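Working notes for the structure below.
Here, each number is a calculation from the coordinates, and none is a lab measurement. These numbers come from a predicted model, not from an experiment. Positions of Cβ are generated from backbone atoms using ideal geometry, with glycine treated the same way; all protein chains shown enter the neighbour counts.
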Amino acid sequence: MIDMKQLVADATKWRRSFHQHPELGFNEHQTSQKVAELLTSFGLEVQTEIGVTGVVGVLKNGDGPTIGLRADMDALPIQELGCADHKSQHKGCMHACGHDGHTAMLLGAACYLAAEKPFQGTVYFIFQPAEENLGGAQKMIEDGLFERFPVDAVYGLHNWPGLPAGDIAVNDGAMMASLDTFEIKVTGKGCHAAMPHMGVDPIVAASDLVLRLQTIVSRHVSPLESAVLSVTMFNSGEAINVLPESATLQGTVRCLNSQVRKQVEQVMTEYVASYDMSPGLQVSLTFNRGYPVTTNHPENAAIIYEVAKGLCGQDKAHHNLQPSMASEDFAFMLETCPGAYFWLGVDEDESIALHNPYYDFNDKVIEVAIKFWYELVKQQLPK
Ligand SMILES: [Zn+2]
Ligand SMILES: [Zn+2]
């Protein structure tokens, strides 16, 4: 029998060490090395450099079903402002999204499962790089993740401010929104500001387009669906007496439904094309598809909910809360395999938002997460 108190103390130590030595996406060299060393010390077979810095630990116990458990390892380009002893030692880089906690908890689960082997089949512990905007999950998939380590289902979690510490929440469908970005270039004809009739003004056209874009969500998307379209940058002009040659708009689109996501892109493309027909104007759109909607498979979400109820009690397990309009690249894994993604509450007296320079993962939830992963494997890969 494993000494749970000791395991939680070890995992807390690993978490704080990751917090002290954060690394940005695809640069998690020390982190992945430490992960690989620990997994090896627990007796797992380890593969490294999957999707640049990704690591997979394989724990096999006879023939049977397979399961993937995923944690992300990257930090953010933020200067930490907190004053904990384990404060980041890397200037301008910190674990402000709690991925240090995700990594430590999954390592704890690997140690526990390797020691007791309460299952029959194979568990793949997936440590991915670059969740923050860089699509590390997609990179691992392109590198053959699920061909090399075929899973019947894959599961991931995120620590979640806004939920009490130790609570678990899962939805049957969307958990997190898609993330796309766009750039629209409006080119007219520059001229003297005192003689606007001699040119074609891109600022007036781009301003009109900003307002027109606001009608996509309000007039095209069903009011029963959710979408956000924000123009976040509007750049043009350099002199007070000059009408510039061009203007550039940039922004982001978030949706909770892949059909709505397609619709927003399509209407935006049509609007831009119609402006491109205006006399003297050239208008072009670059639409960059980023992360898909993080959509749970209902059967796997039901499994998470049942394990959560059994482990934490009915009042600490939540089903079908409102999704978040933030995004998550675990979405790529859920597009490839059945599975589910859930939130683990971290709030005690106060709630500090993810990506805040004072964020520090709450070590008090390490134990419940280790036990959760253990129970999930035990139930899904029965002996
Ligand atoms: Zn984040
Ligand atoms: Zn995160």
With each label point set 7 Å from Cα along the Cα-Cβ vector, what nm distance links Ala239 and Ala326? 4.6
Please determine, in degrees from 0 to 90 and to the nearest 10, the orientation of helix 29-41 with respect to the longest principal axis defined by the Cα atoms of the chain, where the helix direction is its Cα long axis. 20
By average Cβ neighbour count within 10 Å, what is the ranking of 182-191, 120-129, 275-284 from highest down? 120-129, 182-191, 275-284
Given R₀ = 30 Å, FRET efficiency for Thr232-Val58 by Cβ-Cβ distance, to 0.05? 0.10
As a test, work out the antiparallel percent of DSSP beta bridges whose residues both lie in the chain, rounded to the nearest 5. 65
Packing-based ranking, highest mean first, of 323-331, 61-69 given that Cβ atoms within 10 Å are counted: 323-331, 61-69
Structure-based [θ]222 nm, the chain - -39500 (n - 2.57) summed over DSSP H runs of at least 4, per residue, nearest 500: -10500 deg cm²/dmol
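Sort Asp180, Asp315 so that the residue with the fewest other Cβ atoms within 10 Å of its own Cβ comes first and the one with the most comes last. Don't skip to the end; give the middle numbers.
Working: Asp180 22, Asp315 9.
Arranged by neighbour count, lowest to highest, Asp180, Asp315 become Asp315, Asp180.
Using the Cα centre as the reference, give the magnitude of the dipole from point charges on the C-beta atoms of the range 249-318 (Lys, Arg: +1; Asp, Glu: -1; all else neutral), rounded to the nearest 20 debye.
On the way: 6 positive and 6 negative charges, 28 e Å.
Taking the Cα centre of the range 249-318 as origin, the dipole is about 140 debye.
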Point-to-point label distance, Ser351-Gln120, nm (Cα→Cβ direction, 7 Å offset): 4.5
Qualifying lysines (Cα of each under 20 Å from Cα of Lys371; at least 8 residues distant if same chain): Lys5, Lys13, Lys60, Lys117, Lys309, Lys316, Lys383
For the range 179-291, whose charge dipole is built from +1 on Lys and Arg Cβ atoms and -1 on Asp and Glu Cβ atoms, the candidate among Val260, Asn288, Ser230 with its Cα farthest towards the positive end is Val260
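What is the local net charge at Val217, summed over the other residues whose Cβ is closer than 13 Å to its Cβ (Lys, Arg +1; Asp, Glu -1)?
Residues near Val217 contribute +2 overall.
As an exercise, use a Förster radius of 30 Å and the Cβ-Cβ distance of Asp3 and Lys383 to find the FRET efficiency, rounded to the nearest 0.05.
Numbers: r = 23 Å, r/R0 = 0.75.
That gives a FRET efficiency of 0.85.
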Would you compute the Debye intensity of the range 179-291 from its alpha-carbon atoms alone, equal scatterers and no solvent, and pass along log10 I(q)/I(0) at q = 0.16, 0.19 Å⁻¹ to two decimals? -0.71, -0.92
Does anyone have the angle between helix 99-116 and the longest principal axis of the chain? Alpha-carbon axes, 0 to 90°, nearest 10? 30
Of Val253, Val55, Val267, which is the most mobile in a GNM of the chain whose springs link Cα atoms less than 10 angstrom apart? Val267
Run the quick spin-label model on Ser274 and Thr286: label points 7 Å from Cα toward the beta carbon, then report their separation in nm to one decimal. 2.6
For helix 258-276, what angle does its Cα long axis make with the longest principal axis of the chain, in degrees from 0 to 90 and rounded to 10? 20
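By average Cβ neighbour count within 10 Å, what is the ranking of 91-100, 203-212 from highest down?
Ranked from most to least packed, the peptides come out as 91-100, 203-212.
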Need one number for the chain: average projected area of the convex hull over its C-alpha atoms, nm². 21.3
